[in-house]
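Just so you know, all these numbers are worked out from the coordinates, no wet-lab data involved. Everything quoted here is computed from the prediction, not taken from an experiment. Please note: Cβ atoms are built from the backbone with ideal geometry, for glycine as well, and neighbour counts cover all protein chains shown.
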Amino acid sequence: MNITSKLPDVGTTIFAIMSKLANEHGAINLSQGFPNYESSPKLKNLVSHFVDKGHNQYAPMPGVQPLRAAIAKKIQHCYDIAVDPDTEITITAGATQALFTAITAFVKKGDEVIIIEPAYDSYAPSIELCGGIVVPYGLEAPDFKINPADFAKLITENTRMIIINTPHNPTGSILKADDMKMLEALTSGTDILVLSDEVYEHLIYDGEKHQTALLFPELKKRTLLTYSFGKTFHNTGWKMGYCVAPPMLTKEFRKVHQFNVFSVNHPIQLAIAEFLADPEEYLQLPDFFQRKRDFFLGKMKDTRFKPVPCRGTYFQLFDYSEISNKKDTEFAKWLTIEKGVASIPVSVFYSDRKDEKVIRFCFAKTEEMLAAAADKLLLV
């Protein structure tokens, strides 16, 4: 058969490659972004409770009302922003599905979408599947900051959407209030939409505040925001997330959502709704993850790896330029095979594969695993 691939340049993801390599060589896997510890027993018991109570058939397409109401209450508690649970919140099968649905709902052939690189690897393929044109803006190590003048040059009459991610995967950087105001000014009076990937909203450190797009009134009007309960509550395999957007955008989002997955896991939705009743379950997360970051950095201080400031997410970048001249993809493989620690090379998050000799480690691991990895890296 003569088949034309819609994604001819897409192969196996680097996450699958590095995890497979780690398994084959018995390496400590700090590559893929998932915890190696369990989520709350209380939350797991709630899931079992709602399964036993018989909530095992299709949930409503937008998500169960108790969960949407709980999310609205959480947003009010965190940001003092009112969001309508009926017209502005949709429950999704993880944040990646929310991102894909948002892009599919609005991006047409020939539309330009600006993404900030290094970028989460689902953005570009989703845009390309819709016939859109990816317009990358490249951040540079070690600060990974946006230059407003350079960024503004990318906007044209064909710009349909700008995708932002804060706290930022893979760099651990965050957008500040000035960045959001810049974005608000650039899009004012246009039809440009913003897709704000905020899955790490509670993983932010050193007293910094998460600058959600919801806090900026004119930006909020044109923004779809995506979130992940998997990242928040240590259960990435449950694939549970949500999208917050103004009613007009939510209406279009749901048109695609209903034909993509229609609805998502019913008992887990009800369990999370009840779990969210205690705000401390998410308010304690910055301290929880900052302790892990600081523990890992403390164990790594005697290595030859140079840390890049991590202000959010559960990823820590390290510059290895004083250790090796190898390309980061080759160095990451060598480190896995020869030294027994798996990482992710940051160049794979750039469309031009820019190599700044930086690799990413995930510190959402037990202290025992982090300490064991650091001991191995001392020998590099």
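Some notes on this structure:
- Debye-sum result for segment 57-280 in log10 I(q)/I(0), which assumes one identical scatterer on each alpha carbon, at q = 0.17 Å⁻¹: -1.27
- FRET efficiency for the Leu297 to Asn45 pair, using the beta carbon distance and R₀ = 41 Å, is estimated at 0.75.
- Note on Glu140 and Glu252: the extension gain reaches 36.8 nm, defined as 0.36 nm multiplied by sequence separation minus the Cα-Cα distance.
- Label-to-label distance, Met61 versus Arg353, with points set 7 angstrom from Cα along the beta-carbon direction: 4.3 nm.
- Summary of packing: across the peptides 3-9, 80-86, the per-residue average of other C-beta atoms within 10 Å ranks them, highest first, as 80-86, 3-9.
- Beta bridges per DSSP with both ends in the chain, % antiparallel, nearest 5: 45
- When volume of the Cα convex hull per residue in Å³ is computed from the coordinates, the matching label among [x] 153; [y] 138; [z] 193 is [x].
- Per-residue packing, averaged as other Cβ atoms within 10 Å, sorts the ranges 342-355, 51-64, 145-158 into the order 342-355, 51-64, 145-158, beginning with the highest.
- For a straight C-alpha distance cut-off of 23 angstrom, the lysines reachable from Lys53 (same-chain residues fewer than eight places away being disregarded) are Lys42, Lys44, Lys239.
- Normalising the average separation of contacting C-alpha pairs (under 8 angstrom, six or more residues apart) by the number of residues puts the relative contact order of segment 57-280 at 30 percent.
- Kyte-Doolittle at least -1.0, axis length at least 18 Å by Cα - qualifying DSSP helices, the chain: 65-79, 247-260, 285-300
- Distance in nm between pseudo-label sites at Thr12 and Thr156 (7 Å out along the Cβ direction from Cα): 3.7
- Phi angles across segment 211-223 convert, under the Karplus curve 6.51 cos²θ - 1.76 cosθ + 1.60 with θ = phi - 60°, into 3J(HN,Hα) values of 8, 5, 4, 5, 7, 10, x, 6, 6, 4, 5, 10, 10 Hz, Gly and Pro given as x.
- Annotation: the antiparallel percentage among DSSP beta bridges lying fully within segment 57-280 is about 30.
- Contact order relative to length of the chain, as percent, for alpha carbon pairs under 8 angstrom and 6 or more apart: 25
- Listed pairs Lys292/Lys333; Lys109/Lys333; Lys221/Lys365 exceeding 29 Å between Cα atoms: Lys109/Lys333; Lys221/Lys365
- Across segment 112-124, rounded Karplus estimates of 3J(HN,Hα) from the backbone phi angles (6.51 cos²θ - 1.76 cosθ + 1.60, θ = phi - 60°) give 9, 10, 7, 10, 9, 9, x, 10, 3, 6, 8, 4, 4 Hz, Gly and Pro being marked x.
- Taking each DSSP H run with n ≥ 4 as -39500 (n - 2.57) and averaging over every residue of the chain yields -11000 deg cm²/dmol at 222 nm.
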